[in-house]
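Before any comments, here is the structure.
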Amino acid sequence: MPSALSRFLALYGALFAAFGVASPFFAAFLASRGLRPEAIGLVLAAGTATRLLAGPLGGRLADGLGAPRIVLTGYAAAAALVAFGYLPASGLWPLLLVSVAHAAVLAPIVPLADALALAAGAAGRGFQYGWVRGAGSAAFILGTLASGQAVAAFGLTAIIWLNGALLSLATLCAARLPDRLHHPVTAATAGGFSDLLRLPGFRRLMLVAALIQGSHAMHDSFAVIRWASAGIGSGTIGLLWSESVVAEVVVFLFIGRPLIDRLTPAGASMLAAAAGIVRWAVLAETGSVAAAALVEPLHGLTFALQHLACMRLIIAIVPPQLAATAQAFYNTVAVGAATALLTVASGPLYAGFGAGGFWVMGGLCAAAIPLARGLRQSTP
C-alpha cells in the first residue's frame with residue numbers, strides 16, 4: 001500500500017497542478033489569440049457542455065472494457081497531446097475545436113482516477129483517498145502560483161506548455177497505478193447507466209450532492225463581487241479565498257475521515273448541508289471581513305467533507321464493475337450539471353436580489369438535510 005499511495009500521490013499532484021497552471025489565465029490566453037468576450041464565453045460554455053457528455057461516456061467505456069487504468073492512461077495521453085494543439089490555434093473556430101476536443105478527453109480523467117484510488121484505499125491499510133485528493137488540492141494551489149510566475153516571465157503561452165507537460169507526466173503516472181477494478185467483461189457484469197440509476201441509494205446520493213455542492217455556484221461567481229462592493233480590498237479577498245482552499249486541504253488530509261467514521265456518511269452530509277446554510281446566510285446578510293473570515297473555512301465541510309462522504313457511499317452502494325461509471329456520473333452529471341445550471345441562475349438572482357440571492361443557496365442546503373438523513377438506509 002505505501003507503493004500504491006506514492007503512485008496515486010504522483011498522479012494527483014501532476015493532474016491537479018496541470019489544472020492549476022491553466023485555470024487562472026486560460027480566458028486571457030483566448031483573448032490574446034484574438035477572441036472577443038462573447039467568443040470566449042462560447043468557447044468556455046462549449047467545453048462545459050462537452051464535459052457533461054464525455055465524462056459519463058468515458059466512465060462507461062472503462063467499466064465496459066473492464067480496464068479503468070488502461071482507459072485512464074489513454075485519456076491522459078490524449079489530453080496531453082490535444083493541449084499542445086492550442087499553440088498553433090488562432091481565431092474562434094480553431095480554438096473552439098481544440099477546446100471541445102480537450103474537454104472531451106479531460107472529462108473522464110478525475111472520475112477514473114477517483115474510482116481507482118477508492119478501490120486501492122478499500123483494499124488495505126496505509127492508504128486513504130482523502131490523502132491523495134488533498135494532495136491534489138495542494139498541487140492545484142502550487143500550480144496556480146507557478147502559472148503567475150511563468151506568465152510574467154514567458155507570456156501566456158507558458159500555461160499551455162506547462163499544462164501539456166504536466167498532463168504528459170500524469171500519463172506516465174497513470175500507467176503505473178494498481179488497478180483493483182480490472183475485471184473480465186461478461187454479460188452478467190457489463191451493466192450500464194440504467195443499472196446504476198436503478199439503485200435508490202445512488203439516486204438519493206446524487207441529488208444530495210447536486211444540492212449541497214451545486215450551492216457553491218453563486219459563491220464562485222459572485223463572492224468576490226460581493227466583497228468588493230462592501231469595500232474589501234483585493235489583497236484581503238485573496239486571503240479569504242485562500243482560507244477556503246486551505247480548509248479544504250485540511251479536511252481532506254486530516255479530519256475528514258475521522259468525522260465520517262464518527263458521524264457516518266449520512267451524518268457528515270447533514271453537517272455539510274448545515275454548514276452551507278450558515279455560510280450562505282452570512283454572505284447574504286453581511287459584507288463584514290470578520291464574518292467572511294469566520295465562515296470561509298466552512299468550505300472544508302460544504303465541499304471537502306461532503307465529497308468524502310459521497311466517495312464512502314459510492315463504495316458502499318455501487319458494484320465494483322460500475323465504479324468508474326458511477327464516479328463519472330457523480331462528477332459530471334450530478335455535480336457538474338447542477339453547478340452549471342445554478343451558475344446560470346446566479347446571474348439573475350444576484351442582479352435581482354444582490355447578496356440576498358445567497359439565501360436561495362442556503363435553501364438548497366436546507367432541502368438536502370432530510371434527503372441526506374435517508375442515506376443512512378443506503379449503507380451496509
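The values are calculated or read from the model by the stated rules, or taken from the named source; none is laboratory data. Computed from a predicted model, the values in this text were never measured in an experiment. Cβ: placed from backbone, ideal geometry, glycine included. Neighbour counts: every protein chain shown. These area figures cover heavy atoms from the full protein model, side chains too; ligands, DNA and RNA do not enter into them. Shrake-Rupley method; radii C 1.70, N 1.55, O 1.52, S 1.80 Å.
In the range 82-103, how many residues are touching a residue at least 40 places away in the same chain (Cβ under 8 Å) and in a helix (DSSP H, G or I)?
Of the residues in that region, 10 qualify.
Taking L106 and the conditions (1) within 20 Å of L181 (Cβ to Cβ); (2) touching a residue at least 40 places away in the same chain (Cβ under 8 Å); (3) surrounded by 18 or more Cβ atoms within 10 Å (Cβ to Cβ), which numbered condition does it fall short on, given that it satisfies the others?
Condition (1) is where L106 drops out.
Scan the range 237-246 and give yes if some residue there is among the aliphatic types (A, V, I, L, M), without any contact (Cβ under 8 Å) to a residue 24 or more places away in the chain, touching a Phe, Trp or Tyr at 6+ places or on another chain (Cβ under 9 Å) and surrounded by fewer than 20 Cβ atoms within 10 Å (Cβ to Cβ), otherwise no.
Yes: one or more hits.
Residue-wise test of (1) touching a Ser or Thr at 6+ places or on another chain (Cβ under 9 Å); (2) open to solvent by less than 20 Å² (accessible area, probe 1.4 Å); (3) not in a helix (DSSP H, G or I).
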{"position": "L11", "(1), (2), (3)": "no, yes, no"}
{"position": "A14", "(1), (2), (3)": "yes, yes, no"}
{"position": "V21", "(1), (2), (3)": "yes, yes, no"}
{"position": "P24", "(1), (2), (3)": "yes, no, yes"}
{"position": "F29", "(1), (2), (3)": "yes, yes, no"}
{"position": "L44", "(1), (2), (3)": "yes, no, no"}
{"position": "G47", "(1), (2), (3)": "yes, yes, no"}
{"position": "R51", "(1), (2), (3)": "yes, no, no"}
{"position": "R60", "(1), (2), (3)": "yes, no, no"}
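Condition first: touching a Phe, Trp or Tyr at 6+ places or on another chain (Cβ under 8 Å) and either assigned to a helix (DSSP H, G or I) or basic (K, R) (or both). Now tell me which residues in the range 308-318 satisfy that.
L308, C310, M311, I314, I317
Which condition breaks for T332 when tested against (1) at pLDDT 95 or above; (2) touching a Lys or Arg at 6+ places or on another chain (Cβ under 9 Å); (3) crowded, with 22+ Cβ neighbours inside 10 Å?
So the condition that T332 fails would be (1).
So which of G130, G136 is at pLDDT 95 or above, closer than 20 Å to A103 by Cα and either open to solvent by 20 Å² or more (accessible area, probe 1.4 Å) or among the small types (G, A, S) (or both)?
None of the others qualify; the one that does is G136.
Going residue by residue through the range 266-276, is there one that turns out to be without any contact (Cβ under 8 Å) to a residue 24 or more places away in the chain, buried (at least 17 other Cβ atoms within 10 Å of the Cβ) and not small (G, A, S)?
Within the range 266-276, not a single residue is without any contact (Cβ under 8 Å) to a residue 24 or more places away in the chain, buried (at least 17 other Cβ atoms within 10 Å of the Cβ) and not small (G, A, S).
Are any residues in the range 302-315 open to solvent by 10 Å² or more (accessible area, probe 1.4 Å) and touching a Gly at 6+ places or on another chain (Cβ under 8 Å), and if so, which ones?
Matches in the range 302-315: L308 only.
G362 - would you say it is farther than 30 Å from A67 by Cα, open to solvent by less than 20 Å² (accessible area, probe 1.4 Å) and in contact with a helix residue (DSSP H, G or I) (Cβ under 7 Å, 6 or more places away or on another chain)?
When the stated conditions are applied, G362 passes them.
Taking the residues in the range 157-193 that are among the hydrophobic types (A, V, I, L, M, F, W, C) and at pLDDT below 95 as candidates, determine which candidate is farthest from A122 (Cα to Cα).
Once the filter is applied, the top-ranked residue is A187.
Please go through (1) open to solvent by less than 50 Å² (accessible area, probe 1.4 Å); (2) in a helix (DSSP H, G or I); (3) touching a residue at least 60 places away in the same chain (Cβ under 8 Å); (4) out of contact with any Cys (no Cβ under 6 Å at 6 or more places or on another chain) for L35 and return the number of the only condition it doesn't satisfy.
Single failed check for L35: (2).
Out of all the residues in the range 78-100, which are open to solvent by 40 Å² or more (accessible area, probe 1.4 Å) and under 28 Å from F8 (Cα atoms)?
L81, F84, V100
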